[in-house]
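Okay, so here's the structure we're looking at.
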Amino acid sequence: MRISLTVNGKRKEADVWEGESLLFALRERLGLPGSKNACEQGECGSCSVLLDGTLVCACLVLAAQADGHQIVTVEGLGREGELHPVQQAFSETGAVQCGFCTPGLIVATADLLARNAAPSDDEIREALSGNLCRCTGYAKIFDAVRLAAER
Ligand code: FES
Ligand code: FES
């Protein structure tokens, strides 16, 4: 089937099969590999994207369900040649090690700060509870979120 959707502000079309995930369509059909494929079970958050402004795991959404909807991926957060403040903060605080979790954490953090510009540590913990990182121990990720919030 052919789907038509808006990704990072641009109209896109793709031929997908009925059981295909949005994550697969983004990565393999639309050339957007920023959203990572780690568990494909909704457990790790590495595939986090915004669907009509709501944070979702792209591995749990069918590409067909995104037909006619708006998607924002990590590639769509910054402006041309310019990092999004959350990306900048992750970079500056050393919150990135292997980087596999980073795109999902950045999308989830951008979503949090759009809703709550000054989150408490508990609110950060709650908002990022669906995003797993095996490298950093989370301390630097919290530093990054706090820095982005300050700015
Ligand atoms: S790949 Fe989607 S939640 Fe892990
Ligand atoms: S930086 Fe490696 S999983 Fe988070």
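Since every read-out is calculated from the coordinates, none of them should be taken as a lab result. Fair warning: this is a prediction, and the values are worked out from it, not measured in the lab. Neighbour counts are summed over all protein chains in view; Cβ atoms, including those assigned to glycine, are modelled from backbone coordinates with ideal geometry.
The table for this structure:
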read-out: Rg over Rh [alpha-carbon atoms, Kirkwood Rh] for the stretch 58-137; value: 0.98
read-out: Dipole of the chain [Lys/Arg +1, Asp/Glu -1 at C-beta], most positive-end residue of Ala66, Leu83, Gly19; value: Leu83
read-out: Efficiency of FRET between Asp121 and Trp17 - r from beta-carbon atoms, R0 25 angstrom, step 0.05; value: 0.05
read-out: Per-peptide average of other Cβ atoms within 10 Å, ordering 86-94, 135-143, 106-114 highest first; value: 106-114, 86-94, 135-143
read-out: Sequence-distant aspartates and glutamates (8 or more away, or on other chains) whose Cα lies within less than 14 Å of Lys140; value: Glu92, Asp121
read-out: Using a Förster distance of 25 Å, the FRET efficiency for Thr6-Leu83 (Cβ separation, nearest 0.05); value: 0.65
read-out: Rg to Rh quotient for the chain, alpha carbon positions, Kirkwood Rh; value: 0.97
read-out: Stokes-Einstein D (µm²/s) once Rh is taken as the Kirkwood radius of the stretch 21-65 over alpha-carbon pairs, at 37 °C in 0.692 mPa s; value: 323
read-out: Linear extension gain, Cys39 paired with Thr54, 0.36 nm per residue minus alpha-carbon span; value: 3.4 nm
read-out: Additional length obtainable on full extension of the chain from Arg146 to Ser129, 0.36 nm per residue less Cα span; value: 4.5 nm
